[in-house]
Amino acid sequence: MDNIYLVNYSPIRTKRHKLIDLLNKGLSRYGFKIVLQPNPKIDMSTVEQRINMFHLLESALTWGVEGEVVEFGCYAGQSAMLFQKVIMHFDKHKTIYLYDSFEATFGRPRDVEAELRNNFSHALLHNPVVIRGKLEDTVPLNLPEKISFAHIDCGIGIDQFIHKNLIIHLVNNVYHRMSTGAVCMFMDYYDKSKGHHGRDFNPGVKPACDEFFADKPEKVSALYGNQYSHGYFRKL
């Protein structure tokens with residue numbers, strides 16, 4: 001079955017969804033299926049991914065893993081707000097550090113960092129520590145000494161090999177600061193051998209993980225994320 005990918009502009013079912021259901025009945029006999037993808041201008045992660053994020057961060061906090069929470073590529077804060085809510089519920093002493101150049105605007109002039117701060121304020125969340133700048137420059141200089149949870153989400157459609165090298169740069173610096181039991185998640189980790197049916201949005205992620213973990217005791221596990229994909233490892 002070959003998939004035809006279209007952007008989903010609504011988080012709820014509309015007449016468009018019903019039309020696509022009808023079209024899929026006809027397309028199925030020809031081996032095709034229309035799959036609605038999240039709109040990257042609105043939906044930076046799926047519900048399934050957010051559930052995974054919640055449980056993995058909650059496990060690190062519940063087990064008392066030492067260190068702070070970091071996210072690389074926070075954009076306007078969709079996942080960061082989830083992380084901060086979990087922190088405020090389970091361990092108010094943790095600090096979340098957010099790293100981003102805030103240069104990606106998805107085609108329209110906007111102050112993404114201001115949006116991030118406003119989102120936190122409107123959600124009544126404690127302010128994060130925001131580190132603005134290119135990740136190649138801000139890491140490792142601005143990393144906390146110990147890390148309990150990390151989320152690497154720096155894919156903005158750049159060259160696959162540039163992205164791969166950036167992932168290796170980040171995970172290398174994060175890995176050596178992660179406490180035993182700490183978790184690191186990789187957005188867009190796509191492993192076709194695991195039967196993922198989504199798209200490989202940033203094909204540099206898995207090669208970067210394969211190379212970095214080749215001589216490490218940990219291995220990255222793929223996670224089901226519906227249309228998007230991601231994975232994680234826990235520090236031994």
Between the range 103-124 and the range 186-236, the Cα center-to-center distance that results, in Å
28
Treating cross-link reach as a plain straight distance, find the lysines whose alpha-carbon is under 23 Å from the alpha-carbon of Lys25, omitting any fewer than eight places away in the same chain.
Lys15, Lys33
Go through the range 173-236 and name the trypsin sites (Lys or Arg not before Pro) that are in a DSSP coil and have 12 or fewer other Cβ atoms within 10 Å of their Cβ.
Lys219
How much of the accessible area of the range 96-152, in percent, comes from carbon and sulfur atoms when a 1.4 Å probe is used?
48
What does the net charge come to around Phe83 if you take all other residues with beta carbon closer than 15 Å to its beta carbon, with K and R at +1 and D and E at -1?
-2
If you rank Thr180, Thr95, Thr46 by how much accessible surface each has, with a 1.4 Å probe, what is the order from largest down?
Thr180, Thr95, Thr46
Lys pairs under 17 Å by Cα in the range 49-170, provided they are eight or more residues apart or on distinct chains
4
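The values are calculated or read from the model by the stated rules, or taken from the named source; none is laboratory data. Predicted model, so just to flag it, every value in this text is computed and none were measured. No Cβ is skipped: glycine too gets one built from the backbone with ideal geometry, and neighbour counts run over all protein chains shown. Quick note on the areas: whole protein, heavy atoms, side chains included, nothing else; ligands and nucleic acids left out. Shrake-Rupley method; radii C 1.70, N 1.55, O 1.52, S 1.80 Å.
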